[in-house]
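Everything below concerns the one structure shown next.
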Amino acid sequence: MSNMKTTGQQHGRRSWAEPWKIKMVEPIDMLDDEGRRGAMEEAGYNTFLLRSDAVYIDLLTDSGTNAMSDRQWAALMMGDEAYAGSRNYYRLEETVQKFYGYRYLVPTHQGRGAEHLISQAAIKEGQVVPGNMYFTTTRLHQELAGGTFIDVIIDEAHDPKSEHPFKGNIDLAKLERVIEERGAGNIAYVSLAGTVNMAGGQPVSMENVKAVRELCNRHGVKLYLDATRLAENAYFIKEREPGWRDRPIAEIVRAFCDYSDGAWKSSKKDGLVNIGGWLCVNDFELFEELRNMVVVYEGLHTYGGIAGRDMEAMAIGIEECMNDDYMHSRIGQVRYLADMLLEWGIPIVRPTGGHAVFLDALGFYPDMPRECYPAQTLAAKLFLDSGVRGMERGAVSAGRDPETGLDRKPALELVRLTLPRRVYTQAHMDVTAEAIKAVWDKRGEAKGLKMVYEPRYLRFFQARFEPLE
Ligand code: F0G
């Protein structure tokens, strides 16, 4: 160890490494050219419809794709599968209360289960929900509950080139305008996500959440967090915001949550498990309502649609994701991939976010009409080149406006390459970067896609396309 350090210092280079080693592996291999072509055709040029066996490096999502630790796997044997009052529920409740600080917990099968409950309980028909850029399932549940989502994120979030360190921040003037125009009574709550998935995994600053809280207090408006990737958000606060550098991630998460009235979370992301979610509030009456609803839609209030063993793994995942060395390597791996692409001049969303590298499809294909789905095209090209699977995050994901029925035209037209946690090595990142480079070099040949099947809800999951070439 001491030798290694000396050598490192001699070369002026000090690397980080993951604070874990690999105990079990899952074999993967790449289909040949013809195999990948066949798979893509069968999937209607939608990476969501590919069989995972056809994929070589799977960067579709960081959701539920994490590798659990040996402690978590061992904990699965400690599942108490009682229908009511499982001991794993109480362990989870205690852990969530300790790390996130909320009073009441409702477990749910995953994030959208929690989004469904909070939206139905806290939104009245005709109310608006201001938030820092939409997320697909979050906004849909708000709409299904009779609400209208209004984006109040800062303008920089819509500009892939802006280097703003906290592109997830709410624009306080925009929020204040919405509250004044609509009236505080017509605001269901402010919906604040850290980090912001659709903006490129961009963080919210502590200063911003504090200011949003103060604004909400002045108008008597509630503030709920989407805590799906809040531990990753805390890393950026530690790195970029004065006063937080020497504070542990856990302390930062707790301080952030203390500004809110409650939160929902998909534990499948920075919570380091494969399934599960939760919803927390501080208000007892609202909790009562949520607890009444959870038994209808998810399961009893002490399991919420997840097995006892999974609640145990969730509790351990919370502790593990707050480990500062782990988080450094997590964000470090995302940056490692991004930095290679930047060096080659490939357009990606700046600055690099917490869970993914986002390719700017309009930078790849500046002359392709939006109607030909540049990001969907780029995701398909990448799979065809090397079996690397990413996800469209552009016009297809944005869907149609429920009032006009017309396609939404988001400013960002991106392909997300999302990194599962503790799953791939830096060598996989090298292969991925080289595959992207190959597609970049051939960018002049792309013609685009046309949509030939469009589902009613969350169309990006199941839509089908045909190539225009
Ligand atoms: N909120 C955010 C910010 C998310 O990214 C997701 C899921 C959810 C809520 C919903 O949680 O999937 O457990 O029901 N995002 C996944 C993704 C699907 O790939 O980004 P869920």
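Readers should treat all values here as calculations from the given coordinates under stated rules, not as data from a laboratory. Note that the coordinates shown come from a computational prediction; the quantities given were computed from them, not determined experimentally. Note that each Cβ is placed from the backbone with ideal geometry, even for glycine, and that neighbours are counted across all protein chains shown.
Some points to look at:
- In a reduced charge model with +1 at each Lys and Arg Cβ and -1 at each Asp and Glu Cβ, the chain shows a dipole moment near 520 debye about its Cα centre.
- Mean residue ellipticity, 222 nm, helices only, the chain: the sum of -39500 (n - 2.57) across DSSP H runs of n ≥ 4, divided by residue count and rounded to 500, is -12500 deg cm²/dmol.
- Gap separating the Cα centres of the range 261-303 and the range 167-229, nearest whole Å: 21
- Most positive-pole-ward Cα, PHE149, ILE22, TYR365, against dipole of the chain from beta carbon charges: ILE22
- Dipole-positive endmost among ASN233, ILE123, GLY448 within the chain (Cβ charges, Cα centre): ASN233
- Distance between the pseudo-spin-label points of GLU176 and GLU163 (7 Å out from Cα toward the beta carbon): 2.9 nm.
- This model, with +1 at the C-beta of Lys and Arg and -1 at the C-beta of Asp and Glu, gives the range 299-410 a dipole about its Cα centre of some 300 debye.
- Think of the chain as a dipole: +1 on every Lys or Arg Cβ, -1 on every Asp or Glu Cβ, centred on the Cα centre; then among VAL439, ASN66, GLY390, ASN66 lies furthest on the positive end.
- Largest to smallest principal axis extent of the C-alpha atoms in the range 70-321, angstrom: 50, 43, 28
- Dipole magnitude (debye, nearest 20) for the range 70-321, charges at Cβ of Lys, Arg, Asp, Glu: 100
- Listed pairs LYS124/LYS409; LYS167/LYS265; LYS381/LYS437; LYS265/LYS409; LYS167/LYS210 exceeding 18 Å between Cα atoms: LYS124/LYS409; LYS167/LYS265; LYS265/LYS409
- Here's the list of aspartates and glutamates a cross-link from LYS447 could span, going by alpha-carbon distance under 17 Å and ignoring same-chain residues fewer than 8 apart: GLU41, ASP360, ASP367, GLU371, ASP385, GLU392, GLU413, GLU466, GLU469.
- Ignoring lysines fewer than eight residues from LYS23 along the same chain, the ones with Cα atoms less than 25 angstrom from its Cα are LYS268, LYS269.
- The order of the peptides 193-205, 395-407, 247-259, 21-33 by mean Cβ neighbours within 10 Å, most packed first, is 193-205, 247-259, 395-407, 21-33.
- The separation of the range 397-421 from the range 314-353, counted between C-alpha centres, amounts to 23 Å.
- Bridge type composition, the range 70-321 - antiparallel percent by DSSP, nearest 5: 50
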